[in-house]
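Notes for the one structure printed next.
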Amino acid sequence: MFRFAPYVLKCLWRHRTRTGLTVSGTAVALFVFCVVTAVQEGLDRLTHSAGAERTLVVFQENQFCPANSRLPEDYAPAIARLPGVRDVVPVGVFTNNCRASLDMVVFQGFPSQQLRAARPLELLSGSFGQFEQQPDAALVGRAVARRRQIGAGDPFTVGGVTVAIVGVFASEAPAEENFIYTHLDFLQRAPGRNAVGVVTQLEVQLAEHADPDTTATAIDDHFRHGPVATTTRPQGVFQREVVADLAETIGFAQWLGYACLGLVFSLIAATTVMAVQDRIKEHALLQTLGLRPLRVFGLVMAESLLQSLAGGLLGIAAGLLLLSWWGFSIGTEGVAIALQPSLRLAVWGGSVSAGVGLLAGLAPGYQAARTEIVPALRQA
Amino acid sequence: MPLIEIKNLTRQFTKGGETLTPLDAVNLTIEPRDFISLMGPSGTGKSTLLNLLVGIDRPTSGQIVVHGTDITRLSRARLADWRAAHIGYIFQTHHLIPVLTAYENVELPLLLLPLPAAERRKRVEIALEAVELTDRADHYPRQLSGGQEQRVGIARAIVTNPTLVVADEPTGDLDPRTAAQILKLIQRLNVELEMTLFVVTHDPQVAAVAARRLHLDEGRLIEAPGADPVPA
Ligand SMILES: Nc1ncnc2c1ncn2[C@@H]1O[C@H](COP(=O)(O)OP(=O)(O)OP(=O)(O)O)[C@@H](O)[C@H]1O
Ligand SMILES: [Mg+2]
C-alpha cells in the first residue's frame, strides 16, 4: 500500500487550496475539542484525585463560598480526638472572587509547621526555610505565577491582602498550582478580615481503616449544637458540590466539543466526496490497470485520514501549547479546575481525529471502489 | 494452444425497455503474437468487445478463456489481479494521471507486481526508451504534446510485458503525422517485442498493418481472408 503513498500525497497537494482549507477547519475544530476536553479532564482530576477519598473537608453548614464559612479554630483539637481521625489541619481560605472566574486568586493559610506535611509541593524557586521565618511570606503555584507574571521577591496584593512571594511551586495535583499558600495567622490578621481564631475549613486526614462517611457524620454530630454547625464531606465530594453548577456548563461544553467532531466529519467527508467525484475516471483507470476495488477504497481512505490527522494534530498541538503556556484554570468559590496539557489528551485527540477521518472516508471510498469501470471511462 | 478463446460471447444492453445486442454469439481465437485489427461502423460494439476481452466489462453470456481460465467467472478482485499481470491497455485519450510525471505514470502498473524497486526502474527505463521519451521522464502530462502523451500511455501499457496489449482507437485523437508515428510504434511492439496486439480502429491504415483484420457488424464478427499486412 505504501507504494501508492506518493500518489495520495500528490493528489492532496494538487488541490492544496481545498486540502488546506479542510485541514485548517479540522485544526480549529480539534483545537476547540482539545480545550473543552482539557476542562473536562481537569474536572475529573479534581473530583477523583488521590486525596479525594481519604481527606475530609469540614465546612460551615450550608456554606460553599470560603468568605462565608467561619469555623472556630479550636474545632481542630476537638476533631483530632474523634475516632478515625489521624490529623487535622485548620485552613484559612481567602479568595478575590466567589463566582466562576478564569482568573481566580485563592490564598490558603496554613499553620506554619503543617504546610509541608499537608501539601506535597515541589519548590521551583525559594525555600521552605524562608517561608517559615517570614510572617507575610507566600508560596505561589506555578499556574498563578505564570498568569499573573509574578515570582520570588515580588510583593503581591489582592483584595487588600499583600504578601511577599518567597517561592514558586509545582504540584502533582495541577489544581494546587492555582493556589497561593500563606501563614494562617497572617491571613487571619490581614486588614479587614477580622478572622482571628476563625478558619474557613478543616482538613481531616483519615486513619488507615476509618470509614469516611462514619467519621464525617461523627464530626457533624459533635458540633450540631456547638456555636457553628458543620458539614463534613470527603474532599472529592466537597469539590464536586462546589463546582456543580460549573460542571453542568462544562458538561454542556463537552457536547459542543463533540459537535466539533461532527463538523470535522462533514468537512472531511465533503472534501473527500468532491475528490472522488473529480476523479471517477482516474479511479476507473486505476482499476483497469489492475488495482483491486479494495485498494481504491484504501487510497480514498488514506486521503481522508491524512487530512483529518494533519488538521487534528495541528489543532491539538496548538491547544496543548496554549494550555501549557498560559496555565489556564477555571475557578469558583475557592476551588480551581486546572486546564493541563497531557499525553492522554494528545493521544485521545489524535485517535479521535483518526477515527473521524476514517469514518468520513467510508462512504466516498465505497463509492470509488464500486465505480463501474466502463461507464466511468466513457465519460467525456 | 491458442492464447485466448472467445466462445459464443454475447453482450446485451437494456435501455428503456429496449434490448440492444452489439455482440451476438461472437467466436474468436487469438494466437500468441497475433496482430489483430477490428473495424466496423460506429456503435457496433467494437469497444464493447475489447472491454470484455480485458475483463472490465461482463458478458451477458459466453466465455473468454485465457490460458485455460475463463475470466468471465473471476471475481472483481481476481480480475483486477489478472489484468495487472496480463493486460496492457492503450486508450484513445491517453488517460494519464495528471499529478504524476511520465515516469511515475509508466511505473504505476508495476507497483501492483511483486518487483523490487531496481527492477521497476529498469523496466520503466526500457519502456520509456521504446517510446523514445527518456528525456521527458520527469515531465507532467500537461507539459507533453498529445502525441507524447499517447506514447507515455503506450509505455505504460507495455511496461509489465503483458500477455495481451489492446488499443481502442489509439490514433483517433491525433493528427495524421503523429498518428503515423504511433502506428509505427504499435507495429514495432508486435514485430520487435513480439507482443500480441488487439487494436480497434476506424483508420484503414492502422488496419492495413495488422496480420489479421476483423470486421464487426450487426453483432457478427467477420475475418477478412488472409491478406498480407503492409510491411513495417
Ligand atoms: N452501458 C451501456 N448502456 C447501454 N448501451 C450501451 C452501453 N454501452 C454501450 N452501449 C451501446 O452499445 C453499442 C456499442 O457500443 P460501443 O462503444 O462498443 O461501439 P463502438 O463500436 O466502439 O463505437 P465507436 O466506433 O463509435 O467507438 C452502442 O450502440 C452503444 O450505444
Ligand atoms: Mg468505441
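For region B:135-142, check the following and say yes or no: at least one residue is at the interface with another protein chain (Cβ under 10 Å from one of its Cβ atoms) and free of Cβ contacts under 8 Å to residues at least 40 places away in the same chain. Checking region B:135-142: not a single residue is at the interface with another protein chain (Cβ under 10 Å from one of its Cβ atoms) and free of Cβ contacts under 8 Å to residues at least 40 places away in the same chain. Considering each of B:Pro22, B:Pro98, B:Pro109 in turn, give the residue that is under 26 Å from B:Ala155 (Cβ atoms), touching a helix residue (DSSP H, G or I) at 6+ places or on another chain (Cβ under 7 Å) and open to solvent by less than 30 Å² (accessible area, probe 1.4 Å). Among B:Pro22, B:Pro98, B:Pro109, only B:Pro109 is under 26 Å from B:Ala155 (Cβ atoms), touching a helix residue (DSSP H, G or I) at 6+ places or on another chain (Cβ under 7 Å) and open to solvent by less than 30 Å² (accessible area, probe 1.4 Å).
Number of residues in region A:353-380 that are over 24 Å from B:Arg76 (Cα atoms) and crowded, with 22+ Cβ neighbours inside 10 Å equals 4. Applying the set (1) without any contact (Cβ under 8 Å) to a residue 24 or more places away in the chain; (2) within 15 Å of ligand 1 (Cβ to nearest atom) to B:Ile56 leaves exactly one unmet item: (1). Restricting the first member to region A:336-360 and to residues that are touching a residue at least 60 places away in the same chain (Cβ under 8 Å), and the second to residues that are open to solvent by 60 Å² or more (accessible area, probe 1.4 Å), the beta-carbon pairs closer than 7 Å and six or more apart or on different chains are A:Val356/A:Phe265; A:Leu359/A:Phe265; A:Ala360/A:Phe265.
I need the full set of residues from region A:1-24 which are more than 14 Å from chain B (Cβ to nearest Cβ) and crowded, with 20+ Cβ neighbours inside 10 Å, in order please. Listed by number, the residues that qualify are A:Thr22, A:Val23. Filtered by the rule that a residue be more than 16 Å from ligand 1 (Cβ to nearest atom), at pLDDT below 85 and over 18 Å from B:Thr29 (Cβ atoms), region B:189-232 gives B:Ala227, B:Asp228, B:Pro229, B:Val230, B:Pro231, B:Ala232. The lone criterion from (1) more than 10 Å from chain A (Cβ to nearest Cβ); (2) more than 16 Å from ligand 2 (Cβ to nearest atom); (3) of a type in the set (A, V, I, L, M, F, W, C) left unmet by B:Val166 is number (2). Checking region A:6-19 against the condition returns no match, with no residue being hydrophobic (A, V, I, L, M, F, W, C), under 34 Å from the mean Cα position of the chain (by Cα), at pLDDT 90 or above and under 20 Å from A:Ser353 (Cβ atoms). Looking only at residues in region A:341-380 that are closer than 30 Å to B:Leu49 by Cα and among the polar types (S, T, N, Q), the one that is nearest to ligand 1 (Cβ to nearest atom) is A:Gln379. Within region A:259-295, being more than 11 Å from chain B (Cβ to nearest Cβ), more than 45 Å from the chain's Cα centre (by Cα) and either without any contact (Cβ under 8 Å) to a residue 12 or more places away in the chain or crowded, with 20+ Cβ neighbours inside 10 Å (or both) holds for no residue. On the given criteria, is B:Leu3 away from every other protein chain (no Cβ under 14 Å), in contact with an Asp or Glu (Cβ under 7 Å, 6 or more places away or on another chain) and more than 9 Å from ligand 1 (Cβ to nearest atom)? So B:Leu3 fits the description; yes. Within region B:44-68, the residues that satisfy the criterion of being away from ligand 2 (no atom under 16 Å from the Cβ) and open to solvent by less than 40 Å² (accessible area, probe 1.4 Å) are B:Gly55, B:Pro59, B:Gly62, B:Ile64, B:Val65, B:Val66. Considering only residues in region B:72-115 that are among the basic types (Lys, Arg) and over 23 Å from B:Glu169 (Cα atoms), the one that is farthest from the other protein chains (Cβ to nearest Cβ) turns out to be B:Arg73. If you go through region B:69-92 and keep only what is touching a residue at least 60 places away in the same chain (Cβ under 8 Å) and open to solvent by less than 60 Å² (accessible area, probe 1.4 Å), you end up with B:Ala84, B:Ala85, B:His86, B:Ile87, B:Gly88, B:Tyr89, B:Ile90, B:Phe91. The condition (being at pLDDT below 95, more than 14 Å from chain A (Cβ to nearest Cβ), more than 19 Å from B:Pro170 (Cα to Cα) and within 8 Å of ligand 1 (Cβ to nearest atom)) is satisfied by just one residue among B:Thr14, B:Thr21, B:Thr44, B:Thr69: B:Thr14. Would a scan of region A:27-38 turn up a residue that is closer than 30 Å to A:Phe238 by Cβ, away from every other protein chain (no Cβ under 14 Å), open to solvent by 40 Å² or more (accessible area, probe 1.4 Å) and assigned to a helix (DSSP H, G or I)? No, region A:27-38 has no match at all. Looking only at region A:64-87, count how many residues are without any contact (Cβ under 8 Å) to a residue 40 or more places away in the chain and within 29 Å of the chain's Cα centre (by Cα). So the count comes out to 2. Checking each residue in region A:48-91 for being open to solvent by less than 20 Å² (accessible area, probe 1.4 Å), closer than 13 Å to A:Gln235 by Cα and not in a strand (DSSP E or B) picks out only A:Ala52.
The values are calculated or read from the model by the stated rules, or taken from the named source; none is laboratory data. Fair warning: this is a prediction, and the values are worked out from it, not measured in the lab. As a convention, Cβ positions derive from the backbone with ideal geometry for all residues, glycine included, and neighbour counts pool all protein chains shown. For the accessible areas, the whole protein counts, side chains as well, though only heavy atoms, and no ligand, DNA or RNA atoms are used. Shrake-Rupley method; radii C 1.70, N 1.55, O 1.52, S 1.80 Å.
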